[in-house]
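The block underneath contains the structure these notes are about, expressed in structure tokens.
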Amino acid sequence: MESALDAVRREAAAHGATSVTRIVLRIGAISGVEPDALRFAFEAVSPDTLAAGARLEIETIPARAHCGACQREFVIEQGFIFTCPNCGAFSGDVRSGRELELARLEFPAPTP
Amino acid sequence: MTNETAPLPSGVHINALSGALPRPARTLSGPLSAEISAALATSPGGEVAVRSVDLNVPLLERNDILAERNRGYFLGRGLAALNLVSSPGAGKTTLLERTLDEFGRETKCGVLVGDLETDNDGRRLNRPFAPVAQITTGTVCHLDASMVARAAESINLDGVRILFIENVGNLVCPASFDLGEQVRVVLLSTTEGEDKPLKYPPIFKSAHLVLLTKIDVADVLGFQREVAVDNIRRIAPQAKIIQLSARTGEGLPEWYGFLRSLAPAR
């Protein structure tokens with residue numbers, strides 16, 4: 001969360017904003033980041049920052065792997081063994097689900 | 001009047017003085033729609049300023065940034081860095097000793113070795129023809145990219161083609177710390193049992209190469225090689241697997257062949 005807030009600070013400054021109303025994070029299902037833990041951390045570290053009171057939204061990206069034998073992608077349901085539902089082969093070729101991104105920021109409209 | 005009206009030429013204003021119709025309610029969707037609708041409802045001019053920016057910037061932890069820096073540094077020096085991880089006592093140091101004495105005589109190697117305390121391993125690996133740096137981490141249970149950067153800068157890497165980074169013996173935490181290595185090697189010794197990959201999947205998941213070590217005593221221990229290999233394949237189908245013994249030398253030619261394939265041509 002600290003690195004997320006650093007990015008928020010940096011991007012807000014780059015856009016000339018002094019506070020943030022909404023933060024959208026994009027988190028892959030196998031990124032190792034737990035959305036609940038992230039929300040908890042946000043509650044803990046945001047109050048004294050420019051993100052105080054901001055709404056935190058987390059978009060989860062499902063994990064997908066590619067099966068070399070079938071030449072197709074499949075969704076990884078859970079666990080560490082990625083088995084192709086079509087042929088049963090194991091895959092280590094992860095195509096999505098490791099994302100950890102600051103997707104969007106929204107700032108309050110400047111008062112005229 | 002449902003169609004979009006064409007924009008008026010600049011300077012032209014229309015102001016209904018009497019019989020003004022209420023402004024048509026607009027249905028909005030997308031980001032900030034609720035805020036925009038609320039602002040529009042109270043805005044006399046029907047205009048609001050909205051600031052929403054799409055960024056899509058990756059969030060990198062400090063270690064990831066330093067690891068990428070290390071990767072560039074190693075690449076620039078023309079050497080291949082290997083991160084060796086395993087539980088304590090799987091045979092990392094013993095394998096490196098023999099590797100330096102055999103492979104290290106044909107191809108110049110360097111070693112960065114991490115332990116919580118003592119420079120025992122650094123001294124064991126000390127060879128006149130191979131630069132070695134010992135990293136003592138104190139209480140830290142893994143190496144990180146900044147420790148590796150400092151250690152790599154402390155030794156003369158001129159001519160080194162292969163840099164072994166012997167991580168702190170730990171099957172958990174080193175999985176999360178990229179050191180900027182080109183290849184991650186996970187060692188699994190026969191004394192640990194066949195099911196370690198299933199119990200500690202993240203570190204095996206990240207492996208490019210898995211070395212099944214102490215294979216010479218597999219039979220004595222009742223270690224089932226096929227079961228171990230099958231477990232590794234489930235977790236890490238991408239990984240190459242080499243079965244070897246640093247004591248008898250079984251499998252070492254294959255290991256040296258792998259190292260040779262990494263040593264960048266000069």
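When B:Gly78 is tested against the conditions (1) at pLDDT 95 or above; (2) away from chain A (no Cβ under 14 Å), the lone failure is (1). The residues in segment B:147-176 that are within 14 Å of chain A (Cβ to nearest Cβ), surrounded by fewer than 21 Cβ atoms within 10 Å (Cβ to Cβ) and in a loop (DSSP other than H, G, I, E, B) can be counted, and the count is 1. Every listed requirement among (1) polar (S, T, N, Q); (2) under 15 Å from the mean Cα position of the chain (by Cα); (3) surrounded by 22 or more Cβ atoms within 10 Å (Cβ to Cβ) is met by B:Thr213 save one, (2).
Tell me, which residue of segment A:1-17 that is closer than 16 Å to B:Arg62 by Cα and surrounded by fewer than 19 Cβ atoms within 10 Å (Cβ to Cβ) is nearest to the other protein chains (Cβ to nearest Cβ)? Quick ask: steps written out before the conclusion?
Just the residues of segment A:1-17 that are closer than 16 Å to B:Arg62 by Cα, to begin with: A:1-10.
This time we only want the ones that are surrounded by fewer than 19 Cβ atoms within 10 Å (Cβ to Cβ), so: A:2-3, A:6, A:9-10.
On the way: A:Glu2: 9, A:Ser3: 5, A:Asp6: 9, A:Arg9: 12, A:Arg10: 9 Å.
Only one residue fits best here, namely A:Ser3.
Scanning segment B:198-219 for residues that are β-branched (Val, Ile, Thr) and in contact (Cβ under 8 Å) with a residue 60 or more places away in the chain turns up B:Ile203, B:Thr213. Within segment A:86-112, the set of residues being in a strand (DSSP E or B), surrounded by 15 or more Cβ atoms within 10 Å (Cβ to Cβ) and among the charged types (D, E, K, R) comprises A:Glu101, A:Arg104, A:Glu106. If you go through segment A:84-112 and pick out every residue that is of a type outside the set (D, E, K, R) and either at the interface with another protein chain (Cβ under 8 Å from one of its Cβ atoms) or closer than 30 Å to B:Arg51 by Cβ (or both), you end up with 15.
Considering only segment B:61-140, give the strands (runs of 3 or more DSSP E) lying wholly within it that have at least 2 residues that are touching a strand residue (DSSP E or B) at 6+ places or on another chain (Cβ under 7 Å) and under 22 Å from B:Ile215 (Cα atoms). Break it down stepwise before answering.
Working: elements: B:80-85, B:109-115, B:132-136.
Correct list: B:80-85.
Evaluate the following for A:Glu59: is it more than 10 Å from chain B (Cβ to nearest Cβ), within 11 Å of the chain's Cα centre (by Cα) and under 30 Å from A:Phe90 (Cα atoms)?
yes
Residues in segment B:186-205: is at least one within 22 Å of the chain's Cα centre (by Cα), surrounded by 17 or more Cβ atoms within 10 Å (Cβ to Cβ) and among the aromatic types (Phe, Trp, Tyr)? Looking for residues that are within 22 Å of the chain's Cα centre (by Cα), surrounded by 17 or more Cβ atoms within 10 Å (Cβ to Cβ) and among the aromatic types (Phe, Trp, Tyr), one finds at least one in segment B:186-205, hence yes.
Among the residues of segment B:229-266, which ones are hydrophobic (A, V, I, L, M, F, W, C) and touching a residue at least 60 places away in the same chain (Cβ under 8 Å)?
First, the residues of segment B:229-266 that are hydrophobic (A, V, I, L, M, F, W, C): B:229, B:232, B:235-236, B:239, B:241-242, B:244, B:246, B:252, B:255, B:258-259, B:262-263, B:265.
B:Leu244, B:Ala246, B:Leu252, B:Trp255, B:Leu259, B:Leu262, B:Ala263, listed by residue number.
Taken together, A:Val20, A:Val33, A:Val45 contain a single residue that is more than 13 Å from every other protein chain (Cβ to nearest Cβ) and β-branched (Val, Ile, Thr), which is A:Val45. Within segment A:70-80, which residues are within 11 Å of chain B (Cβ to nearest Cβ) and either crowded, with 17+ Cβ neighbours inside 10 Å or of a type in the set (A, V, I, L, M, F, W, C) (or both)? Correct list: A:Phe80 only. Filtered by the rule that a residue be among the aliphatic types (A, V, I, L, M), within 17 Å of A:Ala109 (Cα to Cα), part of a loop (DSSP other than H, G, I, E, B) and without any contact (Cβ under 8 Å) to a residue 60 or more places away in the chain, segment A:1-60 gives A:Leu50, A:Ala51, A:Ala52, A:Ala54. When the helices (runs of 4 or more DSSP H) confined to segment B:191-237 are screened for residues that are within 14 Å of chain A (Cβ to nearest Cβ), those reaching at least 2 such residues are found at B:196-199, B:201-205, B:225-235.
Evaluating B:Arg247 against the criteria (1) out of contact with any strand residue (DSSP E or B) (no Cβ under 8 Å at 6 or more places or on another chain); (2) within 14 Å of chain A (Cβ to nearest Cβ); (3) under 18 Å from B:Leu96 (Cα atoms) leaves one unmet condition, (2).
Mind checking which residues of segment B:179-193 are charged (D, E, K, R) and touching a strand residue (DSSP E or B) at 6+ places or on another chain (Cβ under 9 Å)? Can you show your working first?
Kept after step one, since they are charged (D, E, K, R), are these residues of segment B:179-193: B:181, B:184, B:192.
Result: B:Glu181, B:Arg184.
In segment B:105-117, the residues that are of a type in the set (Ser, Thr, Tyr) never reach a residue that is modelled with pLDDT under 95 and buried (at least 24 other Cβ atoms within 10 Å of the Cβ) with C-beta atoms less than 8 angstrom apart, at least six apart or across chains. Every test in (1) surrounded by 12 or more Cβ atoms within 10 Å (Cβ to Cβ); (2) under 18 Å from the mean Cα position of the chain (by Cα) is passed by A:Thr83 save one, and that test is (2).
The values are calculated or read from the model by the stated rules, or taken from the named source; none is laboratory data. Keep in mind it's a predicted model, so treat the numbers as computed, not measured. Note that we place each Cβ from the backbone using ideal geometry, even for glycine, and neighbour counts take in every protein chain shown.
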